[in-house]
1. Name the single residue that is surrounded by the most Cβ atoms within 10 Å (Cβ to Cβ) among those in region 374-387 being touching a strand residue (DSSP E or B) at 6+ places or on another chain (Cβ under 6 Å) and in a loop (DSSP other than H, G, I, E, B).
2. Looking only at region 420-434, filter to residues that are part of a strand (DSSP E or B) and open to solvent by less than 30 Å² (accessible area, probe 1.4 Å); which one of those is farthest from L299 (Cα to Cα)?
3. Can you name the residue in region 322-359 that is assigned to a helix (DSSP H, G or I) and of a type in the set (D, E, K, R) and, of all such residues, is surrounded by the fewest Cβ atoms within 10 Å (Cβ to Cβ)?
4. Please identify the pairs in which a residue from region 376-399 that is more than 14 Å from S359 (Cβ to Cβ) has its Cβ atom under 8 Å from the Cβ atom of a residue that is hydrophobic (A, V, I, L, M, F, W, C) and surrounded by fewer than 12 Cβ atoms within 10 Å (Cβ to Cβ), counting only partners at least 6 apart or on another chain.
5. Need a quick list: strands (runs of 3 or more DSSP E) entirely within region 207-310 having at least 1 residues that are open to solvent by 40 Å² or more (accessible area, probe 1.4 Å).
6. If R403 passes every condition in (1) closer than 15 Å to T288 by Cα; (2) more than 27 Å from the chain's Cα centre (by Cα); (3) open to solvent by 20 Å² or more (accessible area, probe 1.4 Å) but one, which one does it miss?
7. Taking T82 and the conditions (1) assigned to a strand (DSSP E or B); (2) open to solvent by 60 Å² or more (accessible area, probe 1.4 Å); (3) closer than 20 Å to Y152 by Cβ; (4) at pLDDT below 85, which numbered condition does it fall short on, given that it satisfies the others?
8. Within the set of pairs 6 or more residues apart or between chains, which connect a residue that is at negative phi inside region 262-291 to a residue that is polar (S, T, N, Q) and not in a loop (DSSP other than H, G, I, E, B) with Cβ atoms less than 6 Å apart?
Amino acid sequence: MLEVHVEFWRPAFHGLRATGEPDWPPSPARLLGALKAGSHALEDSSPGQARALAALQRMAEAPPPVITAPRMIELHLPATYTEKTWKPSRLTNNQAGRFLDTSAIGMDTRSRTLKPNGGIALAENALVYSIELEIDDDELRALQQAAAAVPYFGTSKDPADITIRHTTDGETIGESANLDPETQQRWQPRVRADGRSRGWLPNTMQWFDINYERVFGEDPVLNQLGPIAAHGYTQPLAYSPRSASRPGEFPIVPFTASIPHHSIREPLAAANRRLRAEGLPWTAFPATVSNSAHADGRLVGIGILPDSDEDRRRGSEAAEMVVESEIAVLEPVSDSFPVIDPAALRARTWIGPSASWYSATPMRAFPDRRVLEYEVHRELGSRFNARVLEVRATSVPTSKAHRPWADGALADGLGQWWLEVDLAEPIDGPVVLGRAKDHGFGLFHPRGRS
């Protein structure tokens, strides 16, 4: 196993994808390109350069790496304007104002172009790529020399040191970098047509060479050709974060793009039908962004809960695979957003403990408030041995996250409610109450958790 350690000088990253969103975790193709640039910084046609390039070609033929990366917070930076760095081969008087900066003589300028900004703040400075690749000592030394020649990783605002090493038997991933498991996530790759991360392929190295010649080469014919798109030269990957598991926690399978609140019911019902058909004692629930006044209730992942404590120890990997296969066949929606690392994908967001819980998704129950309160008392008492102090309920949405869902085929006359429930003692979640739980109804947030 080969490990590539990237240590940023500052806990931040500004590399963007073509869509303008942060490339997090940094894609394998970005790593390959950085090391290739470092290889070309070595002495031309030297044995070290040849060995480094040969090792990188083998790396491009290896499976996509597992990435261990720190937690992060996205920085929503405004776009800025910058001067254009090119001009047409023939410039007329009518075109001059579009390309020349005339502000020096007191005239307005149109020579500036919009430049997207973006970035993320990191909990730690280091990340690790774990690659299933064995190379000899000469190749390793050549790669280490190439990595030492890489000045930054992401953009020029991200100075970093890159080191490469072999792991030893019994050594855990990232152990030599002293990574804190409390702040780290392991991102597992999956090949997905809708994946936003660029994985490498055997011809990715060729793609870099072709585009270099077209942009920086001296051949005037090639210079007139635009760069080749990544399609066919890189592999679309979807990276899923897996945090270190704690007692009582459970898996949450993330989406690459969110699903609006009004479309949550269908994928939840489909996932639960598959789990039951496979005979797996796990139940899916919706991981929604619904824990703040600005949240809109969109779905960013599907969590799975064991039907009993005994079931927790068996079938979790099979249940995850079932849910992932259901997510993979979902049709893309127009009003979705990229999913990077929201709190909804962390099991602790739904666990508590807390003595106060509030609705994340509408709860289906009898339309009469008195019957509703009776059912809440009964279900919390029987399932959690909890004594309810107060139930505050409304059938009228009060926030962006609280919106009615379509009942579809659930023609039982039940109403949809949004609740706040106070208990005598804290309980551990997740808390899912009411009817039609298999469709995503009745999920609660612990008060005080984010």
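The values are calculated or read from the model by the stated rules, or taken from the named source; none is laboratory data. Please read these numbers as outputs of a predicted model, since none were measured by experiment. All Cβ positions, even for glycine, are placed from backbone atoms using ideal geometry, and neighbour counts span all protein chains on display. Only protein heavy atoms, including side chains, enter the accessible area calculation; ligands, DNA and RNA are left aside. Shrake-Rupley method; radii C 1.70, N 1.55, O 1.52, S 1.80 Å.
1. A386
2. L423
3. The residue in question is R348.
4. The qualifying pairs are A386/A424; R387/A424; V388/A424; L389/A424.
5. It comes to 235-243.
6. Failing condition for R403: (2).
7. (2)
8. A284/N272
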